[in-house]
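See below for the structure under consideration.
The values are calculated or read from the model by the stated rules, or taken from the named source; none is laboratory data. Bear in mind that the values here come from a model prediction, so they are computed numbers and not experimental data. Virtual Cβ from ideal backbone geometry, glycine too; neighbours counted across all protein chains shown.
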Amino acid sequence: MSRREQVVYLAASWCLSYPDEDLIGKVPLMRAALAEFRGAAADFQEVLDALESTPPMESQAQYVREFDLGKRHALHLSYWTDGDTRRRGEVLGNFKKTYRQSDILVDTHGELPDYLPMVLEYAALVDLAAGRELLTRFRASLEMLRFGLLRDKLPHARIVQAICATLPGKSPADEQAVMRMAGYGPPTEAVGLDPYDPRLLPVKGA
């Protein structure tokens, strides 16, 4: 099972990252690795097909639009539970502490340490058990991201579901169940963030 998890995590890390030429060049490698495990490739197929068939500049513009310009599909795990509050600094520090405990130096590439592609890469290449523990601890964040991607009909939702499927327990049936799992949504604290409420999210295209 661990080999399958490593492949799923690394492919997910790449598919949720900015689609530069290097990443697009890895599509055949991802296809080959996922094909080793029955059913694994299906969750990635639509994203991989799009990476190969869409002009790079269009893929990059879409990625920025969907993942960088707003918080609807935030890839920073602690955003969903702590927002931009003082408590989040402590949470980010715990991510760094986990990385420092590994024998291999983890390069954050200038990203916050809770950036999902980085956590997935860490789990796949450095410490599967510690990385999986981080993902399990922030399961609610993954599920809220999944629901956000589903709401906007983005194929990355299946990739996040594939990540969740490697973790203990079933995925919650709805967002209210996820909120109960988390205990709270991104709180507000002197930074202008509104508390998370799915009913207040703008409808895509509106």
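Quick notes on this one:
- Some residue of region 173-188 being outside any helix (DSSP H, G or I) and at pLDDT 65 or above: no
- Top-ranked residue in region 66-113 [being small (Gly, Ala, Ser), farther than 18 Å from His156 by Cβ and buried (at least 16 other Cβ atoms within 10 Å of the Cβ); ranked as modelled with the lowest pLDDT]: Gly83
- Among helices (runs of 4 or more DSSP H) entirely within region 90-157, having at least 2 residues that are more than 15 Å from the chain's Cα centre (by Cα) singles out 128-137.
- Cross-chain or 6+ apart pairs with Cβ under 7 Å, region 55-82 first and under 17 Å from Pro117 (Cα atoms), then surrounded by 14 or more Cβ atoms within 10 Å (Cβ to Cβ) and β-branched (Val, Ile, Thr): Leu77/Val119; Ser78/Val91
- Of all residues in region 156-171, those that are over 15 Å from Glu133 (Cβ atoms) and charged (D, E, K, R) have Cβ atoms under 7 Å from Cβ atoms of residues that are surrounded by 17 or more Cβ atoms within 10 Å (Cβ to Cβ) and at pLDDT 95 or above, 6 or more apart or on another chain, in Arg158/Asp43.
- The helices (runs of 4 or more DSSP H) located wholly in region 1-53 that include 2 or more residues which are buried (at least 20 other Cβ atoms within 10 Å of the Cβ), in contact (Cβ under 8 Å) with a residue 24 or more places away in the chain and under 18 Å from the mean Cα position of the chain (by Cα) occupy 2-15, 45-53.
- When residues of region 153-172 are limited to those that are surrounded by fewer than 16 Cβ atoms within 10 Å (Cβ to Cβ) and of a type in the set (D, E, K, R), the one modelled with the lowest pLDDT: Lys170
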